[in-house]
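The values are calculated or read from the model by the stated rules, or taken from the named source; none is laboratory data. As the structure is a computational prediction, the values presented were derived from the model and not from experiment. Here the Cβ positions follow ideal geometry from the backbone for every residue, glycine too, while neighbour counts run over all protein chains shown.
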């Protein structure tokens, strides 16, 4: 019986490794997939609207994730030194085992002042290859991913400093 179990397990691992297509992941240097969502306030937001104008910080999260809560509560202080003219921020609830009503309650309960959107059907999360939350992505003015991580960090701060530095025309 143990031999049968091991055999099935080994063949299953080989099948999933070899036969399934690779999942695209939001890696630095790759182009950020375009999307359009509605914020909880009903405003339409699109990644394209920032192209050439601002860097964008995307935070994928859920209401039930304690790490997400910590990152979202710290984000205001973390971003306090960045000008809104240079950096747009959007929290995207991935919709995994979550709801719009819980997202709105979360926003009100914790007084979050960044725009929040809900990813109905997980379409945006899938396009970005999000496998866990929180996932934080920084997108440069050209629409390329410059940072991918799971927490607010010194490395993210360094990347945002570069992305929001004043542009000097030659």
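Summary of computed values
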read-out: Answer from 159, 124, 100 - the residue that is on the phi < 0 side of the Ramachandran plot, in contact with a strand residue (DSSP E or B) (Cβ under 8 Å, 6 or more places away or on another chain) and free of Cβ contacts under 8 Å to residues at least 24 places away in the same chain; value: 159
read-out: Members of the stretch 49-61 found to be in a helix (DSSP H, G or I) and closer than 16 Å to residue 137 by Cβ, listed by number; value: 50
read-out: Matching helices (runs of 4 or more DSSP H) fully within the stretch 100-170 where at least 2 residues are at pLDDT 95 or above and farther than 22 Å from residue 81 by Cα; value: 100-110, 123-127
read-out: Filtered residues of the stretch 66-78 (kept if surrounded by 13 or more Cβ atoms within 10 Å (Cβ to Cβ) and touching a residue at least 40 places away in the same chain (Cβ under 8 Å)); value: 67, 68, 69, 71, 72, 75, 78
read-out: Per-region count, the stretch 76-97, residues in contact with a strand residue (DSSP E or B) (Cβ under 7 Å, 6 or more places away or on another chain) and closer than 30 Å to residue 162 by Cα; value: 10
read-out: Inter-residue pairs, beta-carbon under 7 Å, first touching a residue at least 24 places away in the same chain (Cβ under 8 Å) and on the phi > 0 side of the Ramachandran plot and in the stretch 49-65, second part of a loop (DSSP other than H, G, I, E, B) and surrounded by fewer than 19 Cβ atoms within 10 Å (Cβ to Cβ), 6+ apart; value: 52/141
read-out: Single residue of 88, 34 found to be touching a helix residue (DSSP H, G or I) at 6+ places or on another chain (Cβ under 9 Å), under 16 Å from residue 137 (Cα atoms), modelled with pLDDT of 95 or more and not in a strand (DSSP E or B); value: 34
